[in-house]
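Q: Before anything else, here's the structure in question.
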Amino acid sequence: MAVIVVGSMAFDAIETPFGKVDRIIGGSGVYLAYTASNFVKPIQQISIIGEDFPQAELDDLSARGVQFEGVERVKGKKSFFWSGRYHLDMNTRDTLVTDLNVLADFNPVVPESYQGAEFLMLGNLDPVVQLKVIEQLRVRPKLIVMDTMNFWMEIALPGLVEVLKKVDVLMVNDSEARQLSGEFSLVKAARKIMAMGPEYLIIKKGEHGALLFHANEVFFAPALPLEDVFDPTGAGDTFAGGFIGHLAKTGDISFESMKTAIIVGSAMASYCVEQFGPNRLRTLTKSEIDSRIRQFVNLVNFDIELV
Ligand code: AMP
């Protein structure tokens with residue numbers, strides 16, 4: 001079951017209350033690939049990198065079943081660079097620098113070998129790029145999931161609205177859901193956003209978990225109360241990678257299956273935040289993933305007798 005992932009492959013500079021790194025591998029596409037490859041192979045990456053992106057990183061991902069035929073390397077240019085600083089609450093951050101570099105002229109080309117993939121994960125990128133990928137797929141994937149952020153709502157809303165009409169699942173955080181819908185109530189926001197196209201909507205609430213909406217149904221997955229949150233960068237992409245990875249592994253895209261998938265996504269994100277950048281994802285094992293999913297089950301499992 002092939003999964004196409006589209007996203008940035010980048011260098012990040014990150015500052016949290018617990019430390020600082022000036023240059024670490026990042027990008028939505030990198031987090032997606034590291035995470036989804038735990039569940040299914042191949043992961044077919046679509047992205048663009050500069051001359052500076054380390055071959056060793058690509059080799060590490062290749063060994064995990066990630067394919068790069070859809071990744072363009074531009075000689076003499078730099079990879080996307082993003083820098084952010086987290087506030088003390090670790091839920092909010094300021095973007096300090098967004099240097100698009102190679103991303104500024106990204107014209108994605110879906111290679112022939114990716115045609116027929118059954119799952120498409122559109123990571124946080126320019127909606128024009130997301131749309132170009134959808135339009136090149138000759139057979140519509142069984143499921144198209146899209147992530148986006150406030151940055152694109154501010155500078156590319158008309159394009160974003162076009163992509164929304166073509167996807168099955170949208171993922172945003174609570175403030176982005178409010179921004180996109182103009183509604184404070186997340187229930188009203190969900191209704192409005194689903195009317196724009198996606199049949200399913202996931203609203204992420206950081207350390208307060210995630211909501212899954214579909215028609216008149218809603219499901220809630222908590223976030224695990226963690227003793228140490230070191231760096232939340234990539235948590236959203238890691239959540240998305242776990243979500244689509246689980247759905248692709250089972251091949252089941254029902255609402256029931258999506259409930260499990262948001263628990264799996266939450267479990268993966270809870271590991272991501274334990275170390276800087278994608279470092280924790282590099283060492284993660286299957287038994288660690290399973291044990292954390294069990295912790296989630298225990299967190300919310302209770303018996304009740306109504307009197
Ligand atoms: P997250 O913490 O899940 O929102 O993802 C953080 C990652 O997204 C970082 O590694 C950045 O390199 C990447 N990123 C930040 N802004 C953008 C953007 N405008 N387009 C593409 N990728 C971005």
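The values are calculated or read from the model by the stated rules, or taken from the named source; none is laboratory data. Quick caveat: nothing in here was measured; it's all calculated off a predicted structure. Quick reminder, even Gly has a Cβ in these numbers, built from the backbone with ideal geometry, and neighbours come from all protein chains shown. Note: areas computed on protein heavy atoms with side chains; ligands, DNA, RNA excluded. Shrake-Rupley method; radii C 1.70, N 1.55, O 1.52, S 1.80 Å.
Q: Suppose accessible area is computed on protein heavy atoms with a 1.4 Å probe; arrange Phe302, Phe11 from highest to lowest.
A: Phe302, Phe11
Q: Between Asp60 and Val218, what FRET efficiency follows from the Cβ-Cβ distance if R0 is 35 Å, with the result rounded to 0.05?
A: Efficiency computed from Cβ-Cβ geometry: 0.35.
Q: Using just the C-alpha positions of the range 26-70 as equal point scatterers, what log10 of I(q)/I(0) does the Debye formula give at each q in 0.18, 0.20, 0.33 1/Å?
A: -0.46, -0.57, -1.48
Q: Let me ask something additional. What is the set of long-range amide H partners of Lys77 at a cut-off below 5 Å, with H atoms built 1.01 Å from backbone N?
A: Glu51
Q: How much of the calculated P(r) for the range 155-307 lies past 23 Å, in percent of all Cα pairs?
A: 39
Q: Moving to a separate point now. Does a label point 7 Å from the Cα of Leu96, set along Cα-to-beta-carbon, have any residues of the range 3-39 with amide nitrogen under 11 Å, and which are they?
A: 13-16, 20-23, by backbone N distance to the label point.
Q: Just the number, please: Stokes-Einstein D of the range 51-91 in µm²/s, Kirkwood Rh from C-alpha pairs, 10 °C, 1.306 mPa s.
A: For these conditions, the coefficient is 123 µm²/s.
Q: I've got another one for you. Expressed in whole Å with the largest first, what are the equivalent ellipsoid semi-axes of the range 125-195 derived from the C-alpha gyration tensor as the square root of 5 times each eigenvalue?
A: Sorted largest first and rounded, they come to 22, 14, 9 Å.
Q: Could you calculate, for the range 70-152, the ratio of the Cα radius of gyration to the Kirkwood radius, expressed as Rg to Rh?
A: On the way: Rg = 15.6 Å, Rh = 15.0 Å.
Checking Rg against Rh, the ratio lands at 1.04.
Q: Work out the length of the dipole vector of the range 163-282 about its Cα centre, built from +1 on the beta-carbon of each Lys and Arg and -1 on the beta-carbon of each Asp and Glu, and round it to the nearest 20 debye.
A: 380
Q: Still on this model: Using Cα-only point scatterers and the Debye equation, what is log10 of I(q)/I(0) for the range 67-112 at each q in 0.20 Å⁻¹, rounded to two decimals?
A: Log-scaled intensity ratios, in q order: -0.76.
Q: So, in Å, what gap is there between the alpha-carbon centers of the range 58-88 and the range 101-176?
A: 17
Q: Let me ask something else about it. Which of rounded, prolate or oblate describes the range 245-285 when judged by the alpha-carbon gyration tensor and an a/c cut-off of 1.5? Could you put the intermediate results ahead of the total?
A: On the way: a/c = 4.08, a/b = 2.37, b/c = 1.73.
Judged from the Cα gyration tensor, the range 245-285 comes out prolate (a/c at least 1.5, a/b above b/c).
Q: While we're looking at this one, here's another question. Taking Rh as the Kirkwood radius, which is the inverse of the mean 1/r over Cα pairs, what is the Rg/Rh value for the range 141-233?
A: Expressed as Rg/Rh, it is 0.98.
Q: Would you compute, for the Cα atoms of the chain, the largest minus smallest coordinate along each principal axis and list the three values in descending order, in whole Å?
A: That gives 71, 43, 36 Å along the principal axes, largest extent first.
Q: Also, I was wondering about something else. Working out 0.36 nm times the residue gap between Ala104 and Lys166, then minus their Cα-Cα distance, what length gain in nm do you get to one decimal?
A: This chain segment gains 20.0 nm when fully extended.
Q: So how compact is the range 47-199: Cα radius of gyration and Dmax in angstrom?
A: 17.0, 48
Q: Using 7 Å Cα-to-Cβ label points, what is the Phe151/Lys78 separation (nm, one decimal)?
A: Reported label-point gap for Phe151 and Lys78 is 1.5 nm.
Q: Right, next: For the range 96-112, just list the computed ³J(HN,Hα) in residue order, Karplus coefficients 6.51, -1.76 and 1.60, θ = phi - 60°, integers in Hz, with x standing in for Gly and Pro.
A: Coupling constants for the range 96-112: 8, 9, 10, 9, 5, 6, 4, 5, 4, 10, 6, 10, x, 10, 7, x, 3 Hz.
Q: Which value, in Å³ per residue, describes the convex hull spanned by the Cα atoms of the range 1-124?
A: Roughly 114 Å³ of hull volume per residue.
Q: While we're on this one: Against the globular-protein guess of 2.2 N^0.38 Å, express the Cα radius of gyration of the range 164-218 as a ratio, rounded to two decimals.
A: 0.99
Q: Only helical DSSP H runs with n ≥ 4 go in: add -39500 (n - 2.57) per run for the chain, normalise by residue count and round the 222 nm mean residue ellipticity to 500 deg cm²/dmol.
A: On the way: 11 runs with 114 residues, N = 307.
Dividing the helical sum by the residues of the chain leaves -11000 deg cm²/dmol.
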